[in-house]
1. Checking residue 298 against (1) under 19 Å from the mean Cα position of the chain (by Cα); (2) more than 30 Å from residue 164 (Cα to Cα); (3) at pLDDT below 95; (4) loosely packed, with under 14 Cβ neighbours inside 10 Å, only one condition comes out false. Which one?
2. Confirm whether residue 256 is surrounded by 18 or more Cβ atoms within 10 Å (Cβ to Cβ) and under 19 Å from residue 69 (Cβ atoms).
3. Can you tell me which residues in the range 87-107 are closer than 13 Å to residue 233 by Cβ and assigned to a helix (DSSP H, G or I)?
4. Go through the range 188-207 and count every residue that is touching a helix residue (DSSP H, G or I) at 6+ places or on another chain (Cβ under 7 Å) and in contact (Cβ under 8 Å) with a residue 60 or more places away in the chain.
5. Is it true that residue 76 is at pLDDT 95 or above and either out of contact with any helix residue (DSSP H, G or I) (no Cβ under 8 Å at 6 or more places or on another chain) or crowded, with 20+ Cβ neighbours inside 10 Å (or both)?
6. Could you tell me which numbered condition residue 304 fails, if it satisfies all but one of (1) out of contact with any strand residue (DSSP E or B) (no Cβ under 7 Å at 6 or more places or on another chain); (2) surrounded by 14 or more Cβ atoms within 10 Å (Cβ to Cβ); (3) part of a loop (DSSP other than H, G, I, E, B)?
């Protein structure tokens, strides 16, 4: 009986210690896991969109226990709007968020305190798509054609830069606001070209409908080669929880390595988490992952590595295109941090 009481006392002490530890961790909370004596720091991560092939490495890291090995309980969540993620992380409503390099630069120019802590997709996925039957063979041929875009000034800037770089006249462009109805706009012939679609998603779905496309990479026509997707934290969150973010990135890197080595198995892990609102096509996601993996690999540096040169190029181009207000003070070295190993 004495031994039972003693054991119960020890359990109570551990429970009290667990509660105190949870209260002391300010990142997002704490939950028990990974063994009776291990406490896991809870990390809330906002995706840029519903779960799809680009997030495979995160679900692989979760499923294979890499986050737990680093003492983390990671919650992968989908924001209500794709523009919400970076705002929520800046406001401290989430710990990390998947976003875009251009959006981080624009946000910092508006005094929104976000920092990129890893480059996830290292090259543009958002490319110019044209119907093969449109007669367009290069960006300069867009003059007089119907160019669909999703209501964003940045999309107009990308196309205008591409056309001018190709020797065309941007003033002759005929933009058609199609919102995010990118796929039907192309499959029905409402427009001849679109910007805003991804080569690993919309392109695959449009061609699956029987419409053949030509694609043009903006980085070959005057637009800086940029990180399509980055992982962001708030300045405050990074200051207070840098070590936790480092552990997250270490586990995420293992998830990416697993995905490279076992793409089919990793893809199955993703498919188990598909959104009810956005069911995934396994064949499309498999093709998507094949496209993505080379674009997520730096080749020389570690997972997520970023360069000041890339950030400088993007910031300068955004300023030239009026996408960052004149006089805004934004330094490349303040916009990112390399935290990986």
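The values are calculated or read from the model by the stated rules, or taken from the named source; none is laboratory data. Keep in mind that this is a model prediction, so the values were computed, not measured. Positions of Cβ are backbone-derived with ideal geometry, glycine not excepted, and every protein chain shown enters the neighbour counts.
1. (2)
2. Answer is yes for this residue.
3. Within the range 87-107, the subset closer than 13 Å to residue 233 by Cβ is 88-99, 104, 107.
Matches in the range 87-107: 88, 89, 90, 104, 107.
4. Here is the first cut: in the range 188-207, the residues touching a helix residue (DSSP H, G or I) at 6+ places or on another chain (Cβ under 7 Å) are 191-197, 199-202, 204-206.
Adding the requirement that they be in contact (Cβ under 8 Å) with a residue 60 or more places away in the chain leaves 192-197, 199-202, 204-206.
The number of residues fulfilling the criteria is 13.
5. Values: at pLDDT 95 or above: yes; either out of contact with any helix residue (DSSP H, G or I) (no Cβ under 8 Å at 6 or more places or on another chain) or crowded, with 20+ Cβ neighbours inside 10 Å (or both): no.
Spelling it out, it is not the case that residue 76 is at pLDDT 95 or above and either out of contact with any helix residue (DSSP H, G or I) (no Cβ under 8 Å at 6 or more places or on another chain) or crowded, with 20+ Cβ neighbours inside 10 Å (or both).
6. Against the list (1) out of contact with any strand residue (DSSP E or B) (no Cβ under 7 Å at 6 or more places or on another chain); (2) surrounded by 14 or more Cβ atoms within 10 Å (Cβ to Cβ); (3) part of a loop (DSSP other than H, G, I, E, B), residue 304 comes up short only on (1).
The rows are residues; the columns are (1) under 15 Å from the mean Cα position of the chain (by Cα); (2) in contact (Cβ under 8 Å) with a residue 60 or more places away in the chain; (3) outside the structural domain of residue 200 (by TED's automatic domain parsing); (4) surrounded by fewer than 24 Cβ atoms within 10 Å (Cβ to Cβ).
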site	(1), (2), (3), (4)
58	yes, yes, yes, no
70	no, yes, yes, yes
82	yes, no, yes, yes
135	no, no, no, yes
141	no, no, no, yes
146	no, no, no, yes
